[in-house]
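Participant: Starting off with a structure, shown below.
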Amino acid sequence: MKIGFDNDKYCSIQSQHIRERIARFDGKLYLELGGKLFDDHHASRVLPGFQPDSKLRMFSQLSDTIEIVIVISAEDIEKNKVRADLGITYDEDTLRLRSEFQNRGFFVGSVVITHYNGQPSADAFRQRLGNMGIKTYIHYLIDGYPHNVKLIASDEGFGKNDYVVTERPLVIVTAPGPGSGKMAVCLSQLYNEHKRGTRAGYAKFETFPVWNLPLKHPVNIAYEAATADLNDVNMIDPFHYDAYGKVAINYNRDIEIFPVLNALFEGIYGENPYKSPTDMGVNMVGFCISDDSVCCSAAREEIVRRYYDALNKRAEGADNQDEINKIQLLFTQAYITTDTRRTTIAAKQRAKECGHTSAAIELSDGTIITSQSGPLLGCSAALLLNAMKHLAGIDHDVKLIPQSMIEPIQKTKTCYLGSRNPRLHTDEVLVALSVLSDTDKNCAAALQQLPNLRGCQVHITVMVSDVDKRIFKKLGIGLSCEPIQKSPKQNF
């Protein structure tokens, strides 16, 4: 993978910037954390070199000063809202996040249940947390939030919320997903800290859009593509320009809410320490891009990939035409088409030539490898084998997994496990290679190439199984698929 981002520099200057922000206040900063913390694969795709756990690595440099508060909305608990990428409900993800943080040595102080209005499922979840010895707090719905500033910044507004007792100077406020109430928890804490004589601070940590890149930079356009279902729009921050005469990029929701935040800060402190929504951020990503052309190319790939994701969702029954239209508009702004993704051309050309479902991968040196479905392997599994053989210098005609080994696996799948598709998936191929690697040097050499697939791009001419999606994701491969669902009789 070509590198366009300096991850070590990022960890260093980002942590230093947060320390400086803490020092601006009375040694207490509430940091609203947007986006993913453990597995920020979007950032790693558009900023090659950014590690999916970069934020964790950065925060590990501050771990002794950090306390984590996890926020979950009572409304999301009541609706059994599911995190789409993991397939688990927000309440289960709250427990998962807590365990993940603790396993990495971070202190998780408590869970805050927001938007509370007597929901029975929220009461049950709070009881469950209490039985596990987890401190919980309740924050209530406030009439007219966020515009009724007079009520919000009063004892009948934020003053009614439980005061979240924290021990450390940097309090990271995070959540299973958007709309959980992270910002409201931070502001409520500022109000209640102020009543207790502490001038605490607030800051927002979101990676995208990158405030010091141009508005139409491909990396920022890729963020709009990633949030097309939310209809987020990147904008020049007018407050920042008015205050400093400099262009900075933010997005519509932060810009729209800033006048309200300004009034809330003035209601709590008598003044707002920030002159713009960009001022509130602590994002240093833009200073760590080491090769802009690499990041631009990766971002354009991501925009096309997001477009295919949206098409796939529609093929599965989603009513998301607005999302598709939004990304098509972004194509125009980024001066790209689906053919910008070289693998789409190669996969469709292979399918046209062979008459079967096909796949293509672009390796880090620009080499394109293709595959097709056959009686033994699906095109996804065949593609992995072809790519690994190429990288290991193994002749294409060499059969790494003998037919005599594949056929018993197929029999188990179809006769005993009820599968209608006898062809091996990617996970089954990798397991078979692992078994053979002890005695076959070619299999061992092929397996050693798996790390070299990270950052590569793949396109497949049919929608693939969830199993194959997970394997490509774990390998760090950017996957896109034509919005065509395979039929039981299809050569996949």
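The values are calculated or read from the model by the stated rules, or taken from the named source; none is laboratory data. All of these numbers come straight from a predicted model, not from anything done at the bench. As a convention, Cβ positions derive from the backbone with ideal geometry for all residues, glycine included, and neighbour counts pool all protein chains shown. Areas reflect the complete protein model, heavy atoms only, side chains present, ligands, DNA and RNA absent. Shrake-Rupley method; radii C 1.70, N 1.55, O 1.52, S 1.80 Å.
Participant: Would you be so kind as to identify which of 214, 240, 272 lies farthest towards the positive end of the dipole of the stretch 203-325, taking Lys and Arg as +1 and Asp and Glu as -1 on Cβ and the Cα centre as origin?
Facilitator: The residue sitting farthest along the positive end of the dipole is 214.
Participant: Treating each Cα of the stretch 229-348 as an identical point scatterer and ignoring solvent, apply the Debye formula and state log10 I(q)/I(0) at q = 0.14 Å⁻¹.
Facilitator: The Cα Debye sum returns log10 ratios of -0.81.
Participant: Let me ask something else about it. Of 441/469; 36/150; 36/441, which pairs sit farther than 31 Å apart, going by alpha carbon to alpha carbon?
Facilitator: 36/150; 36/441
Participant: Rank by packing, highest mean first: peptides 374-385, 36-47, with packing defined as the count of other Cβ atoms within 10 Å averaged across residues.
Facilitator: 374-385, 36-47
Participant: What is the extension gain from residue 332 to residue 215, computed as 0.36 nm multiplied by their sequence separation minus the C-alpha to C-alpha distance, in nm to one decimal?
Facilitator: The span from residue 332 to residue 215 would gain 40.7 nm if fully extended.
Participant: Mind listing the long-range amide H neighbours of residue 424? Cut-off is under 5 Å, sequence gap 5 or more, other chains count too, H placed in the peptide plane at 1.01 Å from N.
Facilitator: For residue 424, whose amide H was placed from the backbone, the distant partners under 5 Å are 377, 378.
Participant: Please report, in Å, the Rg and the Dmax of the stretch 328-479, where both are computed over Cα atoms only.
Facilitator: Gyration radius and largest Cα-Cα distance of the stretch 328-479: 16.0, 53 Å.
Participant: Search the structure for amide H atoms under 5 Å from the amide H of residue 484, placed 1.01 Å from N in the peptide plane, and list their residues when 5 or more places away or on another chain.
Facilitator: Placed amide hydrogens put 463 under 5 Å from residue 484.
Participant: If you plug each phi of the stretch 227-243 into the Karplus form 6.51 cos²θ - 1.76 cosθ + 1.60 with θ = phi - 60°, what whole-Hz ³J(HN,Hα) values come out, in order, with x for Gly and Pro?
Facilitator: Those phi angles translate into 10, 4, 5, 8, 6, 5, 10, 6, 9, 6, 6, x, 5, 5, 5, 5, 7 Hz.
Participant: Could I ask something else about it? Skip the ligands, DNA and RNA, and give the accessible area per residue of the stretch 130-270 with a 1.4 Å probe, whole Å².
Facilitator: That works out to 41 Å² for each residue.
Participant: Let me ask you something else. How big is the gap, in Å, between the Cα center of the stretch 322-349 and the Cα center of the stretch 2-70?
Facilitator: About 31 Å separates the Cα centre of the stretch 322-349 from the one of the stretch 2-70.
Participant: Carbon-plus-sulfur fraction of the accessible area of the stretch 254-378, 1.4 Å probe, in percent?
Facilitator: 47
Participant: Go through 152, 113, 293 and say which Cα lies farthest out towards the positive end of the charge dipole of the chain; charges sit on Cβ, +1 for Lys and Arg, -1 for Asp and Glu.
Facilitator: After comparing all options, I get 293.
Participant: On to the next question. So if each residue of separation counts as 0.36 nm, and I subtract the Cα-Cα distance between residue 194 and residue 23, what length gain in nm does that give?
Facilitator: 59.9 nm
Participant: While we're looking at this one, here's another question. Per residue of the chain, what 222 nm ellipticity follows from adding -39500 (n - 2.57) for every DSSP H run with n ≥ 4, rounded to the nearest 500?
Facilitator: Only helices count here, giving -13500 deg cm²/dmol.
Participant: Share of the stretch 70-175's accessible area from carbon and sulfur, percent, 1.4 Å?
Facilitator: 46
Participant: If you count only protein heavy atoms with a 1.4 Å probe, what accessible area per residue comes out for the stretch 393-492, rounded to a whole Å²?
Facilitator: Spelled out: the 1.4 Å probe surface of the stretch 393-492, per residue, equals 54 Å².
Participant: Then there is this: Of 246/473; 28/55; 135/160, which ones are farther than 27 Å apart at the Cα?
Facilitator: Going by Cα-Cα distance, 246/473 fall outside the 27 Å limit.
Participant: For the stretch 418-424, just list the computed ³J(HN,Hα) in residue order, Karplus coefficients 6.51, -1.76 and 1.60, θ = phi - 60°, integers in Hz, with x standing in for Gly and Pro.
Facilitator: x, 6, 8, 10, x, 5, 6
Participant: Based on the mean of other Cβ atoms within 10 Å per residue, sort peptides 386-397, 180-191, 357-368 so the most packed one is first.
Facilitator: 180-191, 357-368, 386-397
Participant: Sticking with this structure for a sec: Taking the highest mean first, how do the peptides 440-446, 66-72 order by number of other beta carbon atoms within 10 angstrom per residue?
Facilitator: Ranked by mean Cβ neighbours within 10 Å, highest first: 66-72, 440-446.
Participant: So in the chain, what percent of DSSP beta bridges are antiparallel if you round to the nearest 5?
Facilitator: Roughly 35 percent of the beta bridges in the chain run antiparallel, per DSSP.
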